[in-house]
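Novice: Mind looking over this structure? Questions follow.
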Amino acid sequence: MLTARSDPWLTRGLGRAEAHGVRMRPLERRHADSWGAAMRANYQRMSPWWSLNEGEMVRTTDRIAFMSHFVEWERRRRASVGICMVFVGPDESVVGEVQVWHVRHGGRTCEIGLWLAPDQPPGVTRGAGGCLGQMLDRMFEVLDLGRVDAPVAAANPLPRAFLDIGGFCLDARIPQWRELHGELVDYDLFGLTPERWQERRPVTWRVLGPWGSVDV
């Protein structure tokens with residue numbers, strides 16, 4: 001439950017989504033075990049982009065790591081300066097995340113990042129994409145954002161298909177923008193505006209829809 005000092009703007013604004021049996025909701029303590037399993041399944045292909053060192057899979061996906069992750073994102077969620085949303089499959093296990101940050105109450109921009117554990121059934125992948133579509137609807141219609149940024153390491157091919165179907169456009173390549181494993185690497189900056197989403201949404205709906213919000 002949110003405390004009196006909490007700002008519910010972001011949590012209420014994004015709400016919760018459902019598509020094809022997959023739900024998207026804020027990260028909770030009860031997600032610890034399935035979050036760890038999804039992270040371990042995703043570790044080999046994602047560790048180059050997560051600044052994780054080889055050989056640290058157990059330490060960076062155990063319950064202690066989860067609690068550190070949860071506490072940090074819960075602090076951001078309560079202040080409406082960021083939120084970690086999880087994709088939950090039909091069996092109620094976590095299969096991925098969407099993280100939103102660089103946002104503030106009443107602000108017009110934010111940044112997102114996402115990951116999905118590998119080898120998911122097509123319905124789960126489609127459902128996660130549909131939930132993302134619902135999130136974008138609410139970002140522009142409820143939160144009144146004017147731009148959503150998605151920076152991706154130039155050598156990382158993994159999120160690009162999701163970004164493309166969502167209407168994100170490559171706006172710039174920024175040389176040596178962020179540090180990964182001790183080196184400054186180039187990043188591609190993808191952006192989505194309300195106009196781009198309005199143009200792309202019918203295609204996304206046809207491919208990944210229907211989607212909608214849920215109350216619980």
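The values are calculated or read from the model by the stated rules, or taken from the named source; none is laboratory data. Just so it is clear, the model here is predicted, and its values are computed rather than measured. Neighbour counts are summed over all protein chains in view; Cβ atoms, including those assigned to glycine, are modelled from backbone coordinates with ideal geometry. The accessibility values were calculated without ligands, DNA or RNA, using every heavy atom of the protein model including side chains. Shrake-Rupley method; radii C 1.70, N 1.55, O 1.52, S 1.80 Å.
Novice: Could you do me a favour and compute the accessible area per residue for the stretch 8-200, 1.4 Å probe, result in Å²? Don't jump to the answer; show the numbers that get you there.
Specialist: On the way: 9080 Å² over 193 residues.
Value returned for the stretch 8-200: 47 Å² of accessible area per residue.
Novice: Of 97, 199, 111, which has the largest mean-square fluctuation in a 10 Å C-alpha GNM of the chain?
Specialist: Most flexible of the set in this elastic network: 199.
Novice: Please sort by residue number the chymotrypsin sites (Phe, Trp or Tyr not before Pro) in the stretch 1-97 whose DSSP state is loop and whose Cβ has at most 16 other Cβ atoms within 10 Å.
Specialist: Working: sites: 9, 35, 43, 49, 50, 66, 70, 73, 87; in loops: 50.
Taking the stretch 1-97 and a limit of 16 other Cβ atoms within 10 Å, the loop chymotrypsin sites (Phe, Trp or Tyr not before Pro) found are 50.
Novice: Let me ask something else. If you wrap the stretch 1-103's Cα atoms in a convex hull and average its projection over all directions, what's the area in nm²?
Specialist: Details: hull surface 28.2 nm².
About 7.0 nm², averaged over all directions.
Novice: Let me ask something additional. Listed highest first by mean packing, meaning other Cβ atoms within 10 Å per residue, what order do 152-163, 17-28 come in? Walk me through the numbers before you get to the answer.
Specialist: Values: 152-163: 15.8, 17-28: 20.2.
Peptide ranking by packing, descending: 17-28, 152-163.
Novice: Under the rule of -39500 (n - 2.57) per DSSP H run of 4 or more residues, summed and divided by the residues of the chain, what mean residue ellipticity at 222 nm is obtained, to the nearest 500 deg cm²/dmol?
Specialist: On the way: 7 runs with 84 residues, N = 216.
Calculated mean residue ellipticity at 222 nm is -12000 deg cm²/dmol.
Novice: A follow-up question, please. Measuring from label point to label point, each 7 Å out along Cα→Cβ, what is the residue 93 to residue 198 span in nm?
Specialist: Each label point lies 7 Å from its Cα, and together they span 4.2 nm.
Novice: Further question on the same structure: Leaving out ligands, DNA and RNA, and with a 1.4 Å probe, what % of the accessible surface on the stretch 55-120 is carbon or sulfur?
Specialist: C and S atoms contribute 55 percent here.
Novice: Within the stretch 9-33, find all residues whose amide N lies under 16 Å from a label point positioned 7 Å from the Cα of residue 67 along Cα-to-beta-carbon.
Specialist: 28-33
Novice: Which option, (1) 89, 38, 26; (2) 83, 42, 35; (3) 44, 42, 38, is the value of Cα extents along the principal axes in Å that was calculated from these coordinates?
Specialist: The value matching this structure is (3).
Novice: Based on DSSP, what percent of beta bridges with both residues in the chain are antiparallel, to the nearest 5? Mind showing how you got there, number by number?
Specialist: Details: 37 of 40 bridges.
Among the beta bridges of the chain, antiparallel pairing accounts for roughly 90 percent.
Novice: Taking 7 Å along the Cα-to-C-beta vector as the label spot, tell me the residue 41-residue 174 distance in nanometres, rounded to one decimal.
Specialist: Taking the simple label geometry, residue 41 and residue 174 are separated by 3.2 nm.
Novice: Relative contact order for the chain using alpha-carbon pairs under 8 Å, separation at least 6, rounded to a whole percent?
Specialist: Numbers: 388 pairs, mean separation 53.2, N = 216.
After rounding, I find 25 percent.
Novice: What FRET efficiency comes out for the pair residue 141/residue 6, r = Cβ-Cβ distance, R0 = 22 Å, nearest 0.05? Walk me through the numbers on the way to the answer.
Specialist: Details: r = 23 Å, r/R0 = 1.05.
With R0 = 22 Å, the Cβ-Cβ based efficiency is 0.40.
Novice: How many nm is it between the label spots at residue 56 and residue 109, if each spot is 7 Å from the Cα in line with the beta carbon?
Specialist: With each label placed 7 Å out from Cα toward Cβ, I get 2.9 nm.
Novice: Please list, by residue number, everything in the stretch 70-88 whose backbone N is under 20 Å from a paramagnetic label point 7 Å out along Cα→Cβ of residue 149.
Specialist: Backbone N within reach: 76-77, 80-85.
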